[in-house]
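**Student:** Mind having a look at this structure? Questions to follow.
The values are calculated or read from the model by the stated rules, or taken from the named source; none is laboratory data. Predicted, not measured: the structure shown is a model, and the values here were computed from it. Every residue, glycine among them, receives a Cβ derived from its backbone with ideal geometry; neighbour counts consider all protein chains shown. All accessible areas refer to the heavy atoms of the entire protein, side chains included, with ligands and DNA or RNA removed. Shrake-Rupley method; radii C 1.70, N 1.55, O 1.52, S 1.80 Å.
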Amino acid sequence: CTERGLMRLSERNFVPSMLNAEHGLDAEFLVSAFSVNKEALWLSSTQGLYLLKPGHTISHFSTEDGLQSDNLMFNAMAQDSRHLYLGSDAGLELVNPRQLRENLEKKLYYQPKPLISNVLFEQKRVARSLLQPLTGLDVPPGVSRIEFLFSSFDFNAPQRSKYRYKLQGYDADWQQLNSGHVATYTNLPPGNYQLHMRASNSRGQFGDHTSTLTVNVFPHWWQHRMVQGLAFISALCLLSWFVWQRMARINQHNRQLEAAVTARTAELQHSLQQLKTAYDELQQLDLLKDQFISTVSHELRTPLTAISGALQLVLSGALAADKDKMQQLLNIANSNSKRLTLLINDLLDLEKLAANKMTIELTAQPLHPIVQRAVDENSTYGLEQQVSLHYQHDPSVSTGIALVNEHRLLQVLANLLSNAIKFSPAGGDVTILLQREGDIARISIIDQGPGIPEEFQPRLFQRFAQASSGNTRQHGGTGLGLALSRELMHAMHGDISFDSVPGEGSSFHLTLPLQT
């Protein structure tokens, strides 16, 4: 006994086979088997009692036959000379096997008369038969769903009746309804069919009576042979017209080729003009290269000169008695060496980023502590320049998590804060804002400086870009900070932008996606 039916094992070759719903054994879970004699096998299940006889004939007994419950217990079955004892969730069941078999024999050979009682098109009744069977049915074009309702003249437990049907010309084999009495077909092709139907008695025995219904499915107008023939002729004429049109277009295309040659000549002349423009651009790039070399040479020479001069004075011994002056010169040398190191590091970082050779490890961490640290580290420089730093943050983003590299983000913030302090007037303020815009964190640095000239704004993020040589020399700088900052922000999947009105200060914005 299994959860899927009864398993039989052959004594000769030990090959297993199953008896299940296909053979009339509808129970999903068999719990016990008991052999009264060699002619019968009793099976208890969670859906009642079954009797298996030679020839695999199966009969089902349930509460409709007198059982108190269909849910029989596991391995709770016994027999004496007159009764079969079964345990169920309702108590002890007493069954008289002889009486059950006699009742079974009386009803075994009763063959109910089947009847196709109703036909529905699109869930609307179109044909009905009460006593006389339907013999013919015409299905008009456009009907996509046909339902056939079956009946059986068996008034002994009619709910146990089962139906088999086959639409000859459409179904390859017989179909069986184990529950319900409605057979449904959808989108039947046009043609002539015959629907055959048989019904079983209350014991699941199918009789020899067959109810037959002739079904004629009519085609749409466009499915008739004459219409299809006319459509084929029309398609052939259309194809001939298309070929003629195609030949006319080819001739027209040949005429257009001559005009295309002239147009192509003009395009070549335009290409030559573009080449000349590209050559001029190369010349401009060459000029930029020279400016680059000049700028780098200046930015390298200035700190080297300061370092060399300070060290020469210290080594000459002229300041041996003035230790404060000597310490001041050493501080100047140390400061310029750091400036030189930052310049070289910026150049190397830019080249690595441009060549995709820099590895930046990103980790998920809150932004508020990083921004606070950048403000704290640059506050001393602000005090030296008499500029105050004011940091404000949105509480909703103070704990926001972003995928960043803390060292590189601090480097970007240091570049922007130092620029804001450097270009702010004495006594001015620099405002730092940390805000949230949906799933984006926005860091804004707002200064009160002179702003960025409009003609220089498109070149702001280029390498060694300087608004004016006088302004550069006054405030210092190499023009690498903003270019490097943009590359670093892109490497952290973020971006950098700015707003500036000449004479009214500048605002730089960093955006980073927040982790959800």
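**Student:** Among the residues of the range 62-88, which ones are within 52 Å of the chain's Cα centre (by Cα) and within 18 Å of residue 26 (Cα to Cα)?
**Tutor:** The initial filter retains those residues of the range 62-88 that are within 52 Å of the chain's Cα centre (by Cα), namely 62-63, 69-75, 88.
Scanning the range 62-88 gives 62, 63, 69, 70, 71, 72, 73, 74.
**Student:** Then there's this: Condition first: over 17 Å from residue 388 (Cα atoms), open to solvent by 40 Å² or more (accessible area, probe 1.4 Å) and either outside any loop (DSSP other than H, G, I, E, B) or touching a Phe, Trp or Tyr at 6+ places or on another chain (Cβ under 6 Å) (or both). Now tell me which residues in the range 412-450 satisfy that.
**Tutor:** 435, 436, 437, 440, 442
**Student:** Would you be able to tell me the number of residues in the range 373-397 that are more than 34 Å from the chain's Cα centre (by Cα), open to solvent by 60 Å² or more (accessible area, probe 1.4 Å) and closer than 22 Å to residue 513 by Cβ? Before you say what the answer is, go through the steps one by one.
**Tutor:** Within the range 373-397, the subset more than 34 Å from the chain's Cα centre (by Cα) is 373-393.
Keeping just the survivors that are open to solvent by 60 Å² or more (accessible area, probe 1.4 Å) gives 373, 376-377, 380-381, 383-386, 390, 392-393.
Among the residues that remain, those that are also closer than 22 Å to residue 513 by Cβ are: 373, 392-393.
Counting residues in the range 373-397 that are more than 34 Å from the chain's Cα centre (by Cα), open to solvent by 60 Å² or more (accessible area, probe 1.4 Å) and closer than 22 Å to residue 513 by Cβ gives 3.
**Student:** If residue 173 satisfies every condition in (1) surrounded by 11 or more Cβ atoms within 10 Å (Cβ to Cβ); (2) at pLDDT 90 or above but one, which is the exception?
**Tutor:** Among (1) surrounded by 11 or more Cβ atoms within 10 Å (Cβ to Cβ); (2) at pLDDT 90 or above, the lone unmet condition for residue 173 is (1).
**Student:** I've got another one for you. Can you tell me how many residues within the range 116-133 are modelled with pLDDT of 85 or more and open to solvent by less than 50 Å² (accessible area, probe 1.4 Å)? Can you show your working first?
**Tutor:** If we filter the range 116-133 for residues that are modelled with pLDDT of 85 or more, which is where we start, we get 116-126.
Next, only the ones that are open to solvent by less than 50 Å² (accessible area, probe 1.4 Å) stay: 116-121.
Looking only at that region, the number is 6.
**Student:** Please state which of the following conditions residue 336 fails to meet, knowing it meets all the rest: (1) modelled with pLDDT of 80 or more; (2) closer than 30 Å to residue 425 by Cβ; (3) surrounded by 12 or more Cβ atoms within 10 Å (Cβ to Cβ).
**Tutor:** (1)
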